[in-house]
Every structure is written in structure tokens, then in C-alpha cells.
1. Please go through (1) in contact with a strand residue (DSSP E or B) (Cβ under 8 Å, 6 or more places away or on another chain); (2) farther than 14 Å from Ser130 by Cβ; (3) in contact (Cβ under 8 Å) with a residue 24 or more places away in the chain; (4) not aromatic (Phe, Trp, Tyr) for Ile37 and return the number of the only condition it doesn't satisfy.
2. Of all residues in the range 48-95, which are within 23 Å of Pro121 (Cβ to Cβ), assigned to a loop (DSSP other than H, G, I, E, B) and either free of Cβ contacts under 8 Å to residues at least 12 places away in the same chain or under 14 Å from the mean Cα position of the chain (by Cα) (or both)?
3. Residues that are modelled with pLDDT of 95 or more, of a type in the set (Gly, Ala, Ser) and in contact with a Ser or Thr (Cβ under 6 Å, 6 or more places away or on another chain): does the range 89-99 have at least one?
4. Assuming Gly140 fulfils every condition listed in (1) in a loop (DSSP other than H, G, I, E, B); (2) within 12 Å of the ligand (Cβ to nearest atom); (3) of a type outside the set (Ser, Thr, Tyr); (4) surrounded by fewer than 12 Cβ atoms within 10 Å (Cβ to Cβ) apart from one, which condition is it?
5. Quick one: is Phe12 touching a His at 6+ places or on another chain (Cβ under 7 Å), modelled with pLDDT of 95 or more and either assigned to a loop (DSSP other than H, G, I, E, B) or more than 9 Å from the ligand (Cβ to nearest atom) (or both)?
6. Pick from the range 72-114 the residues that are over 16 Å from Val22 (Cβ atoms) and acidic (Asp, Glu): which of them is nearest to the ligand (Cβ to nearest atom)?
Amino acid sequence: MNKKIVIYPGTFDPVTYGHIDVIERASLLFDEVIVSIAVSSSKKTLFTTGERMQMLRKITGKYKNVKVDSFEGLLVKYAESKNASAIVRGLRAISDFEYELQMALTNRKLAEKITTVFMMPNEKYSYLNSTLVREIAEFGGDLSNFVPALVADKLRKKFR
Ligand code: COA
């Protein structure tokens, strides 16, 4: 039987407990999860693609069926190149819905065979995003509820 492969795309600048929650849930449902960093020239990031990949690799190392990668260009083309049958996205709140629906339907028009699935991360992370985490780091706040220690260390070093 074919392996069920899912892509989890995002910017991950940096990865937070909310993303990790989605990764863990996806790893229980699919044979293989490819967490893939979207390399975009329009989104200015704090961490380089290499730094983000390194953090993700360390954090997801304990999940045997999770890989970390990056991609440029259209997500569905990348998903096809990886033989993925699905894309997973986290839905944190109603406010995510419109944007996610638009992306999912557009991606379906582009590649009918690739299905987008949504997962609700644990409600304790429903308010979280990477911008907030970067801001807390910039002003020296406690990051322990939002990101793993290794990410908190890298954030502190960036703003030192
Ligand atoms: N927990 C915590 N935060 C989460 C989260 C979760 N479960 N899910 C999303 N977020 C946050 C992210 O941290 C990010 O926060 P920020 O804006 O403060 O940095 C924000 O939500 C956006 O999420 P992200 O998952 O990084 O999505 P994105 O909008 O930056 O990127 C892509 C979406 C990469 C999937 C999309 O742009 C894409 O597919 N690009 C490729 C080009 C393409 O195919 N375009 C056509 C698409 S129809």
C-alpha cells in the first residue's frame, strides 16, 4: 500500500508549541509528515531558512515519521513532487478560517488530488503566533509557555 504522506507548510519564524501540537497530531494520523518551510521573498523573517530548519529538526527528532524540508514556489507542485496526498494546516480560531478556506480551495483547483486537512491545536495555543513570540523575546519576556527552550535561547541571542 502507498505511504500516506502529508505536508505541513508554513513560515515557522520561529516554530512554537502551537505548530508542534499540529506536527504531533499529524504524525499519529499519517505515515510520513514533511514539515516544510516556505521560502518567500515577500515575508521578511527573523531567522534564516537554515536556522529555522535546524530548530525544527532538533524539535521533531523524536518523531520517527517526521522530516523537515523547505520549498520555493507553488505548494501543490512541491506536494506532488513529494508524492504527498494531503496538506495539513492548523486552525486556531474563526479568524484563521477565511484565509485557510481560500488557500485550501485554490490549492484544490490547482491540484484536485491533494486534500487539505485542518487540525485544531490544543486550545491553550489558540491565541499564539510567531509575531507575538518574537515581540515577547524582543522585550525580554518569559517565553517558556510558548516555545521550547532551544528556540527561546536562539530568540534571546537574536535580540541580545
Ligand atoms: N500555532 C501557532 N501559530 C500558528 C499556527 C499554530 N498552529 N498556525 C499558524 N500559526 C501562525 C504562524 O506562526 C504565523 O504567524 P506570524 O504571521 O505571526 O509569523 C501565521 O500563523 C501564519 O502562518 P503560517 O503557517 O506561517 O502561514 P503563512 O501564511 O506564512 O504561509 C503558506 C502559508 C506557506 C502555506 C502559503 O503562503 C503557501 O502555500 N505559499 C506557497 C505559494 C503558494 O502555493 N501559493 C498559493 C497558495 S493558495
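1. Unmet for Ile37, out of (1) in contact with a strand residue (DSSP E or B) (Cβ under 8 Å, 6 or more places away or on another chain); (2) farther than 14 Å from Ser130 by Cβ; (3) in contact (Cβ under 8 Å) with a residue 24 or more places away in the chain; (4) not aromatic (Phe, Trp, Tyr): (2).
2. Once the filter is applied, which keeps residues that are within 23 Å of Pro121 (Cβ to Cβ), assigned to a loop (DSSP other than H, G, I, E, B) and either free of Cβ contacts under 8 Å to residues at least 12 places away in the same chain or under 14 Å from the mean Cα position of the chain (by Cα) (or both), the range 48-95 yields Gly61, Lys62, Lys64, Leu91, Arg92.
3. No, the range 89-99 has no match at all.
4. Gly140 satisfies all of (1) in a loop (DSSP other than H, G, I, E, B); (2) within 12 Å of the ligand (Cβ to nearest atom); (3) of a type outside the set (Ser, Thr, Tyr); (4) surrounded by fewer than 12 Cβ atoms within 10 Å (Cβ to Cβ) except (2).
5. On the way: touching a His at 6+ places or on another chain (Cβ under 7 Å): yes; modelled with pLDDT of 95 or more: yes; either assigned to a loop (DSSP other than H, G, I, E, B) or more than 9 Å from the ligand (Cβ to nearest atom) (or both): yes.
Yes.
6. Glu72
The values are calculated or read from the model by the stated rules, or taken from the named source; none is laboratory data. Just so we're clear, the structure is a prediction, and the values are computed from it rather than from any experiment. Every residue, glycine as well, gets a Cβ built from its backbone with ideal geometry; the counts of neighbours run over all protein chains shown.
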